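Readers should treat all values here as calculations from the given coordinates under stated rules, not as data from a laboratory. Since the structure is predicted, the reported quantities are computational estimates derived from the model, not experimental observations. Cβ: placed from backbone, ideal geometry, glycine included. Neighbour counts: every protein chain shown.
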Amino acid sequence: MPTSQRYPSVQAQEDYVLVTDIESPAKTSDDRAVARTARTGIAARKAVKPLRSVAIFGAVGALVAAVALPAYASSKPAESAATVQQMAAVDAQSLVVASDATSASLSRGTFTATTPEEIEKKKAEEAAAARAAAKASAAAASAGGSIDIGKYALVSPGSGEVRYPLPQGSYTVSRTVGGAHQGADMLAPALTPIYAAAGGVVRASAESIGGYGVAVMIDSVVGGQRVQTTYGHMTSGTRQVQAGETVAAGQLIGLVGSTGRSTANHLHFEVRVGGGLVEPLAWLAANAG
């Protein structure tokens, strides 16, 4: 018998099983089980074939990628380091800072005037300072010298709550209270330092206060009494205090001059206690220490 007839192919066997299963109703239960097993094997083999193809294609793709990627990477040029300026040129809104950079605190004093009001105020202050300096220079020229506040003692000698407004021995008295004259005129060289007779609050300070000329007025409390002292005829531009400031007894407040209704360099010194006018020199003698 030829070989092909004695050993039928697997497909022929499969067909045989199928035909036999259908056309032999008298088969035993064992025969039916064998037939079902054969059909299950055939279906499994048919399902494995497509999966095997997919696996083969996947393996081929992975092999291609493994070979191509290293070659591409080796051919790609290395990126050069970029500077901060180069990065800023690419993206003007980017900011690169060092990791150890720290912030610095700012204060208002580091800024200049920015609004129109601030600019005008600054200009006015500078103009006023220039005018005061010009007046001081003119006064110093007429007095035959230059003004240098730094050479004067900022506090008068003494330790009491009342001090003499001029250094002892630097003045002579030409007039005192009487008639329309309400204070003592203490003649002294121009630019002699003037000190606050008592500590308190500056009530007025200006380059021109009526006949007093350049003057300073201070409100104080001495021995439980309200005391007002006035210092007139100072040299222009030499006032050292402003209205509203608090001063101490003996603090430097200006320099002797001849401004206002005056014919010579002197200090016009007035004292009022409880609103009433008193003789200044007698008050000083009773209270200064």
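So, with +1 on the Cβ of K and R and -1 on the Cβ of D and E, and no other charges, what is the size of the charge dipole of region 150-274 about its Cα centre, to the nearest 20 debye?
80
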Beta carbons within 10 angstrom, averaged per residue: use that to sort the peptides 188-196, 223-231, highest first. 188-196, 223-231
How large is ³J(HN,Hα) for each residue in region 160-173, as worked out from phi by the Karplus curve 6.51 cos²θ - 1.76 cosθ + 1.60 (θ = phi - 60°), to whole Hz, x for Gly and Pro? x, 7, 10, 10, 6, x, 10, x, 4, x, 9, 9, 9, 8
Full extension between Lys123 and Arg226 adds, at 0.36 nm per residue less the Cα distance, a length in nm of 33.2 nm
Given R₀ = 30 Å, what would the calculated FRET efficiency be for Ala153 paired with Ala264, taking r from the Cβ atoms and rounding to 0.05? 0.80
Karplus-derived 3J(HN,Hα) from phi for region 223-238 (6.51 cos²θ - 1.76 cosθ + 1.60, θ = phi - 60°), whole Hz, x at Gly and Pro, runs x, x, 10, 7, 10, 10, 10, 10, 10, x, 6, 5, 5, 4, x, 9
7 Å from Cα along Cα→Cβ at both Val201 and Gln182: what's the point-to-point distance in nm? 2.1
